[in-house]
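Report on the structure given below.
Please treat every number below as a calculation from the coordinates, not as lab data. Predicted, not measured: the structure shown is a model, and the values here were computed from it. Neighbour counts run over all protein chains shown; Cβ positions are idealised from the backbone, glycine included.
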Amino acid sequence: MFSPNSHSKLSTDDHTFIPASSTDKRCPCPALNTLANHGYIPRRGTNIAFTHLLYAVKTVYNLSFLLALLLTIAGFLTCATFSVNLPTPKESLTKSSWSWRRYHLRLSITWTLDLADLSARGWNKIAHDGSLVHASGIPSSAPDPVLLTALLNAAPHGLSLRGLAIIHAAKERALAQPLSAFHEQVALGECALGWLVMSNANGVIEAETIQEWFGEERLPEGWWDLRRPSRTVGLREARQSAEKVQSFAKGAGC
């Protein structure tokens, strides 16, 4: 299992890519599905603890602690299950007399997330229409082959941040109902983060990477040695990139 304290290259023997089975739970986010497919979070995509997801996102994608924390909090606040369990009191009987009811106060508090919970739709949920490779209007758990092919055809030489913004703008224009202000910010953030963690030294997400990460939901070949961001991606950088996506999208007529 992935160790939250590991910040160096992790053993590939423990994190072989295994595609999700029909019984595994997945969500509309390639970043999280990839973590599950490689075993950095539970491969079944269920009962994911807050700290487990936090450190997996932080370490695998080289995000700052603050950025990883904010992303994890957003997912858990909108979609996770919080429960408090108090065992039923027990009665015991001694040889000499009846004893008072004995309470075993072993309070159990859990806050866990299933990836499928992130597919829920609503004004206060993260899932939104106009995704790059996931279908609109339904709880999506896997890339749509038609949308993936369209994305690859639109970016045969890869995606720059501007190119990503132009595709985002086109998808928004095609929606029957515009995204809410909240979901628009979520979509902008997704574009920015996807570009920040997957673009090469020239600022382009290569076509092969689009197929691997968006399509197959796996880490690109050579991730730990060559492809993982060499510099930590922070909150300020993510915010600035999201603002650029918004600016490029407006210039494209969105």
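Assorted remarks:
- Cleavage-rule hits (trypsin sites (Lys or Arg not before Pro)) in segment 173-254: DSSP loop, at most 12 neighbouring Cβ within 10 angstrom: R231
- Taking other C-beta atoms within 10 Å as the exposure proxy, T81, T46, T72 rank T81, T46, T72 from fewest upward.
- Shape summary: the chain maps onto an equivalent ellipsoid whose semi-axes, from the alpha-carbon gyration tensor, are 39, 21, 17 Å in decreasing order.
- Rounded to the nearest 10 degrees, the angle from helix 50-60 to the longest Cα principal axis of the chain is 30 degrees.
- Split the chain at each of the chymotrypsin sites (Phe, Trp or Tyr not before Pro) in a DSSP loop with at most 13 other beta carbon atoms within 10 Å, and the longest piece is 124-254.
- For the chain, the number of Lys pairs separated by eight or more positions or lying on different chains, with C-alpha atoms closer than 19 Å, is 4.
- Ranking of H168, H15 by count of other Cβ atoms within 10 Å, fewest first: H15, H168
- Net charge dipole, the chain: roughly 1000 debye, given to the nearest 20, about the Cα centre with Cβ charges of +1 for Lys and Arg and -1 for Asp and Glu.
- Helical mean residue ellipticity (222 nm; -39500 (n - 2.57) per DSSP H run of 4+; nearest 500) of the chain: -11500 deg cm²/dmol
- Under DSSP loop assignment and at most 14 Cβ neighbours within 10 Å, longest GluC sites (Glu not before Pro)-free interval of the chain: 92-220
- Our coupling estimate for segment 218-230, obtained by passing each phi through the Karplus curve with A = 6.51, B = -1.76, C = 1.60 and θ = phi - 60°, is 9, 6, x, 4, x, 3, 6, 8, 10, 9, 4, x, 6 Hz, Gly and Pro reported as x.
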